1. For region 70-130, report the translational diffusion coefficient in µm²/s to the nearest whole number, using Stokes-Einstein at 10 °C, 1.306 mPa s, and a Kirkwood Rh over Cα pairs.
2. If R₀ is 22 angstrom, what is the calculated FRET efficiency for the pair residue 94 and residue 26, using the beta carbon separation as r and rounding to 0.05?
3. Which angle between 0 and 90 degrees, to the nearest 10, do you get for helix 42-54 versus the longest principal axis of the chain when only C-alpha atoms count?
4. Note the per residue figure in Å³ for the convex hull of the C-alpha positions in region 1-81.
5. Region 80-95 to region 1-27: how many Å between their Cα centroids?
6. Which log10 I(q)/I(0) values, to two decimals, does region 13-129 give at q = 0.10, 0.17, 0.18, 0.22 Å⁻¹ under the Debye formula with one point per Cα?
């Protein structure tokens with residue numbers, strides 16, 4: 001995203017929170033959420049997006065948490081399961097869970113595309129309302 005010249009005008013910051021401790025410390029994800037639903041869950045993704053928004057000067061945030069593989073999946077949370085959430089200053093929060101196929105790189109690429117499409121959807125809706 002920041003390979004585009006001038007991106008500092010619209011890209012404020014990012015968080016990489018692989019561990020549960022990082023999710024708690026940097027984004028304010030509740031331990032109870034992690035205990036009940038796990039790191040890869042719509043609930044955790046939502047708390048991550050809200051936390052990123054609240055801990056920045058951004059107007060929109062997106063979170064991704066998932067299992068890209070090649071291992072780490074379970075019967076209920078298979079490799080390729082990725083949870084997304086988008087939060088905006090107008091109290092809008094959207095979430096989505098997708099199940100991607102392919103190797104680790106393919107899952108990651110599809111996740112990035114989905115995350116960016118969600119941001120564009122929110123921006124399009126905000127423009128249509130304005």
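1. Values: Rh = 13.0 Å.
For the chosen part, D equals 123 µm²/s.
2. Details: r = 22 Å, r/R0 = 0.98.
Taking R0 as 22 Å, the efficiency between residue 94 and residue 26 is 0.55.
3. That helix lies at roughly 30 degrees to the long axis.
4. Working: hull volume 8.1 nm³, N = 81.
Given the Cα convex hull of region 1-81, per-residue volume reads 100 Å³.
5. Here the answer is 15 Å between Cα centres.
6. The Cα Debye sum returns log10 ratios of -0.28, -0.81, -0.90, -1.26.
Each value in this text was obtained by applying a stated rule to the coordinates, not by laboratory testing. These figures come from a predicted structure and were not determined experimentally. Counting neighbours? That spans all protein chains shown, and the Cβs are built from the backbone with ideal geometry, glycine included.
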